[in-house]
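One structure is given below, encoded as structure tokens.
Read-outs: derived from the displayed coordinates by stated rules, not from any lab. Values in this document were obtained by computation on a predicted structure and should not be read as measured data. Glycine also receives a Cβ, built like all others from the backbone with ideal geometry; neighbour counts cover every protein chain displayed.
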Amino acid sequence: MDNPFDLSSDIAWCPGCGNFAILKALKSTLSELNYEPHEVVLVSGIGQAAKIPHYLRVNVFNGLHGRSIPVAFAVKSANPRLVVIAESGDGCMYGEGGNHFVHAIRRNPDITVIVHNNQVYGLTKGQASPTSEEGFVSKVQTLGSLSAPFNPLSIAIAQDASFVARGFAGDIEKLKEILKQAITWPGFALVDVLQPCVTFNRVNTYTWYRERAYYLDVQYDPEDRVKAFEKSLEWGEKIPLGIFYRHRKPTYQEKFYALVSYPHLLYRERAVEEVLDRELQYFQ
Amino acid sequence: MAKVMGLTGKVMGLNGNAAVAYAMKQINPDVIAAYPITPQTDCVERFAEYVSEGLVNTQFVTVESEHSAMSACIGAAAAGGRVMTATAANGLALMWEMLYIASSMRLPIVMMVTNRALSGNINIHCDHSDTMGARDAGWIQLFSENAQEAYDNIIQAVKIAEDLEVRLPVMVTQDGFIISHAVEQVKVLDDDLVQEFVGAYKPAYPLLDVTHPVTYGPLDLFDYYFEHKRSQIEAIDNCFPVIRRVGEEFGKISGRKYDLLETYKLEDAEYVVVALGSTCGTAKEAVNLLREKGKKVGLLKIRCFRPFPKEEIIKALVPRRGVAVLDRSVSFGGFGGPVFTEIRSALCDAPARPFIIDFFYGLGGRDIYVEDIEKALLQIEDVVQKGQVDQYIGYLGLRE
């Protein structure tokens, strides 16, 4: 069956890039959740991952580097009927957009944040990114990155993010399951996706991830925040995948009085028409 | 290696980014802080290679955004370091508030800007919207026509910025991709000569001088802020003699003398095109072709846009009959582009003014051709012959 989210366009990623799998997983997820393309908005920033909205049939907002989350938050606030996904790379979300990432979690808007985490800057061709391992050698960090990597999961759990998960671009089926739960989850949902960059990251390859990645088993309790934090620290020999943490709490849209009680922007046009109709009846 | 006009140095095949990185290597600054952005990345990456090869002593700081890059530069410069950076487009825009801090604190930071169109929509190619947007930030702005000038300007910028009469940050621009990624023959100076030219850095009021504690950037309200801005106005206005002197001194060591402006076949020209950056090379060809047809045309190239060399521009343009200004950026809602506005304002009090019209061109990297510039020159000729301007603002290379 045709996927309504399919779009034929030239794709400017390297052959073998992990982004292809994420694109496929996302399209299937949206289709299997029975959404229509007009109901979905993809907001992205700048980077290789940020090109993703151009490659599927959805509403697109492609803004500036690092700024996808505030835009996604506002889109959702204005029109809560939309499925709003902010999607970009680790440089965009955790580096230049790091401040937005931290503070969006505090507000808990009902959006999904998908981060293609390839541990390198792909678009600008191979510099160390916020998630690069310490010592990662690049053309700029020739003696290895001096900074400790940003741990998005630990930070999200520490901030009590509503939904925190990690997927792997090398496993589309499992990634789809995670994306389905994240997108339908009411509240801020982070999906950090390990995405091999075949061109600029020769360390964290498909094989490297496959040798280390494992899924959290059924015994694992994603409601336990302390356990989740502990799991989020696990990296190296073993890398856990799956849903680390889930905590249902009021979303920004549910908490903010104006968004609960007053008409959203969504209804503005109708409201204006109603007022006009009311005023006009005096002239009839 | 070819000798350059009997002077030392060699000729290398370098693109604009590589030429600037090479100059940075020869300058050997204390600190460089930068964030990658197309089309500048290539420059900083090449500099990083020099760092890893141990060819420079620079502390090379990688950061998470351009805002942090400029902040790190400011901190390092206030501490007393010789500091450089490079950026483009939205990277420069993200530095915005820090640009003002750098100039207000009179920190002689040198920055290469690879000119690129500002979003939106996203575009990675050349126009001057980034630099022109920063024209009021208190930085000196030097434009380059080619990789050679980018190289030469960066070296001069250090000496200009650090001159005690100046003590202001300097932005050196080169057109994104057109210059930054096109390999040209670049005559480079010997390392020793560059070192001798820029000299040892003597910081003024460094934070690291613990025996003379200083404060940078405290609260400055209606009591003194205005006076401080007045002194900043005076500082940048006083830069002209220094920029010229450094340009002359550079000529002595390189054979390439620089001034605030460059004129091309202007002496007897009746019609003049005014441009900045790489377009000046194209304009020279247009002038040559029209001269062959007997048209008295010339080019005025603005190298130093900030401070704006009003007196020199009046001198160069007042005797002309018509001026066609080329603007590679838009001041939305304004009367023409930034170059046009400045030039008209400068000529306002001249007893006999030429007709002046403006052309927007090359936004988002749209190519400009020799024929486009010929068209602009023929149009201003037409205006002069008719004795009136029907249309002040035109477009070159636009589909509509």
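Using only Cα atoms, find the angle between the long axis of helix B:225-237 and the longest principal axis of chain B, and express it within 0 to 90 degrees, rounded to the nearest 10.
Helix B:225-237 sits roughly 60 degrees off the main axis of chain B.
Considering every residue in B:110-120, what mean count of other chain Cβ atoms within 10 Å of its Cβ is obtained?
Other-chain Cβ atoms within 10 Å of each residue's Cβ, averaged: 1.
As I understand it, the value is the acute angle between the Cα axis of helix B:370-386 and the longest principal axis of the Cα atoms of chain B; what does it come to in degrees, rounded to 10?
The two axes meet at around 50 degrees.
Averaged over B:59-72, how many beta carbons belonging to a partner chain fall within 10 Å of each residue's beta carbon?
Across B:59-72, the average partner-chain Cβ count within 10 Å equals 3.
Within the range A:201-258, list the trypsin sites (Lys or Arg not before Pro) lying in a DSSP loop whose Cβ has at most 14 other Cβ atoms in a 10 Å radius.
Passing both the DSSP loop test and the Cβ count: A:Arg202, A:Lys238, A:Arg248.
Roughly how many nanometres apart are two label points built 7 Å out from the Cα toward the Cβ at B:Lys265 and A:His54?
So the label points at B:Lys265 and A:His54 sit 4.1 nm apart.
log10 I(q)/I(0), Debye, Cα-only the protein assembly as shown, no solvent, q = 0.05, 0.06, 0.11 Å⁻¹?
Taking Cα atoms of the protein assembly as shown as identical point scatterers yields -0.29, -0.42, -1.15.
What trypsin sites (Lys or Arg not before Pro) does the range B:342-400 have in DSSP loop regions with at most 14 other beta carbons within 10 Å?
Sparse-neighbourhood loop trypsin sites (Lys or Arg not before Pro): B:Arg399.
Using a Cα-Cα cut-off of under 16 Å, which aspartates and glutamates could be cross-linked to B:Lys25, ignoring same-chain neighbours fewer than 8 residues away?
In chain and number order, the partners are B:Asp42, B:Glu45, B:Glu49, B:Glu53, B:Asp152, B:Asp190, B:Asp191, B:Asp192, B:Glu196.
Roughly how many nanometres apart are two label points built 7 Å out from the Cα toward the Cβ at A:Asp10 and B:Phe335?
A separation of 4.4 nm, rounded to one decimal place.
Using only the alpha carbons of the range A:175-248, what is the convex hull's orientation-averaged projected area in square nanometres?
Result: 5.7 nm².
Could you tell me the extents of the range B:73-230's C-alpha atoms along the three principal axes, largest first, rounded to whole Å?
Cα spread of the range B:73-230 along its principal axes, largest to smallest: 48, 43, 23 Å.
Report the residue, chosen from B:Gly251, B:Gly120, B:Gly322, that carries the largest GNM mean-square fluctuation when chain B is represented by alpha-carbon nodes joined by springs under 10 Å.
B:Gly120
Could I have the simple spin-label model distance between B:Lys252 and B:His212, label points 7 Å from Cα toward Cβ, reported in nm to one decimal?
Simple spin-label model gives 2.8 nm for this pair.
Pairing the Cα long axis of helix B:147-162 with the longest principal axis of chain B, what angle in degrees results, from 0 to 90 and rounded to the nearest 10?
50 degrees
Would you list A:Cys17, A:Cys197 from fewest to most Cβ contacts within 10 Å?
A:Cys17, A:Cys197
Relative contact order for the range B:149-224: what percent, with Cα pairs under 8 Å and sequence separation of 6 or more?
Relative contact order of the range B:149-224: 25 percent.
How well do other chains shield peptide A:65-77, expressed as the mean number of their Cβ atoms within 10 Å of each residue Cβ?
The mean count of partner-chain Cβ atoms within 10 Å per residue comes to 1.
Can you sort A:Phe5, B:Phe340 so the residue with the fewest Cβ neighbours within 10 Å comes first?
Listed from fewest to most nearby Cβ atoms, that is A:Phe5, B:Phe340.
Can you tell me, using C-alpha contacts under 8 Å and at least 6 residues apart, the relative contact order of chain A as a whole percent?
With pairs under 8 Å counted, the relative contact order is 17 percent.
What's the Kirkwood radius of chain B in Å, using all Cα pairs?
Computed over Cα pairs of chain B, the Kirkwood hydrodynamic radius comes out at 21.5 Å.
Which value, in Å to one decimal place, does the Kirkwood hydrodynamic radius take for the range B:221-372 when every pair of different Cα atoms is included?
Across the range B:221-372, the inverse of the average 1/r is 16.9 Å.
Which of the lysines could a cross-linker bridge to A:Lys176, judged by Cα under 19 Å and excluding same-chain residues fewer than eight apart?
The reachable lysines, counting only those whose Cα sits under 19 Å from A:Lys176, are A:Lys24, A:Lys27.
What's the percent breakdown of Cα-Cα distances in the range A:19-249 across 10 Å bins, shortest bin first?
In order of increasing distance, the bins hold 8, 36, 39, 15, 1 percent.
Counting Lys and Arg as +1 and Asp and Glu as -1, what is the net charge of the other residues whose Cβ lies under 15 Å from the Cβ of B:Asp136?
Taking every other residue near B:Asp136 into account, the sum is -1.
Which of the pairs A:Lys51/A:Lys238; B:Lys310/B:Lys386; B:Lys187/B:Lys301 have their Cα atoms more than 23 Å apart in this structure?
Cα-Cα > 23 Å for A:Lys51/A:Lys238; B:Lys310/B:Lys386; rest within.
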